[in-house]
1. Can you tell me which residue within the range 77-104, out of those that are in contact with an Asp or Glu (Cβ under 9 Å, 6 or more places away or on another chain) and exposed (fewer than 14 other Cβ atoms within 10 Å of the Cβ), is modelled with the highest pLDDT?
2. How about the range 19-34: which of its residues are without any contact (Cβ under 8 Å) to a residue 40 or more places away in the chain, in a helix (DSSP H, G or I) and among the hydrophobic types (A, V, I, L, M, F, W, C)?
3. Counting only residues that are hydrophobic (A, V, I, L, M, F, W, C) and loosely packed, with under 12 Cβ neighbours inside 10 Å, which one in the range 58-76 is modelled with the highest pLDDT?
4. Give me the residue from the range 2-31 that is surrounded by fewer than 12 Cβ atoms within 10 Å (Cβ to Cβ) and over 15 Å from the mean Cα position of the chain (by Cα) and, out of that set, modelled with the lowest pLDDT.
5. Any residue that is farther than 16 Å from HIS80 by Cβ, surrounded by fewer than 15 Cβ atoms within 10 Å (Cβ to Cβ) and either under 14 Å from the mean Cα position of the chain (by Cα) or among the charged types (D, E, K, R) (or both) - is there at least one of those in the range 40-57?
6. Which condition number in (1) closer than 15 Å to PRO102 by Cβ; (2) touching a His at 6+ places or on another chain (Cβ under 9 Å); (3) hydrophobic (A, V, I, L, M, F, W, C) is the one that LEU60 fails?
Amino acid sequence: MAGWLRPYDDEDDSHLRACSDQIKKKTLPGFDAVDAVKNDRVYIITNDYAITPNYPSALLLLAKWFYPDIFDDLNPSEAHLEYLDLMGISKEVANKNTYYYPAVA
């Protein structure tokens, strides 16, 4: 996969989508044996989203991805906006959707 995934650097989710596509095409050694690849359940999440003080938003996202019926009422995007506000980061970066792929329903 080309380059690091830095959420604030990209304008949209195309880089994340390309990483997901590369995994799904099984072009990387060993990925053809992974159940998530076989079942089209490949999710991409950036480190900046998952292991920073923003991690509660990432946990909500993971819950929504893995158990959409149980966590239908969760809104990871709202939690992320609250984090951005708390940290004094422009909320415009949230509109880029460069933190994870695919988008949650």
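The values are calculated or read from the model by the stated rules, or taken from the named source; none is laboratory data. On a predicted model such as this, the values are computed, not experimentally measured, just so you know. Using ideal geometry, Cβ is built from the backbone for each residue, glycine included, and neighbour counts are taken over all protein chains shown.
1. Looking at residues that are in contact with an Asp or Glu (Cβ under 9 Å, 6 or more places away or on another chain) and exposed (fewer than 14 other Cβ atoms within 10 Å of the Cβ), I get ALA103.
2. ILE23, PHE31, ALA33 - these are the residues of the range 19-34 that are without any contact (Cβ under 8 Å) to a residue 40 or more places away in the chain, in a helix (DSSP H, G or I) and among the hydrophobic types (A, V, I, L, M, F, W, C).
3. ILE70
4. Only one residue fits best here, namely ALA2.
5. Looking through the range 40-57, at least one residue is farther than 16 Å from HIS80 by Cβ, surrounded by fewer than 15 Cβ atoms within 10 Å (Cβ to Cβ) and either under 14 Å from the mean Cα position of the chain (by Cα) or among the charged types (D, E, K, R) (or both).
6. If we test LEU60 against (1) closer than 15 Å to PRO102 by Cβ; (2) touching a His at 6+ places or on another chain (Cβ under 9 Å); (3) hydrophobic (A, V, I, L, M, F, W, C), just (1) comes out false.
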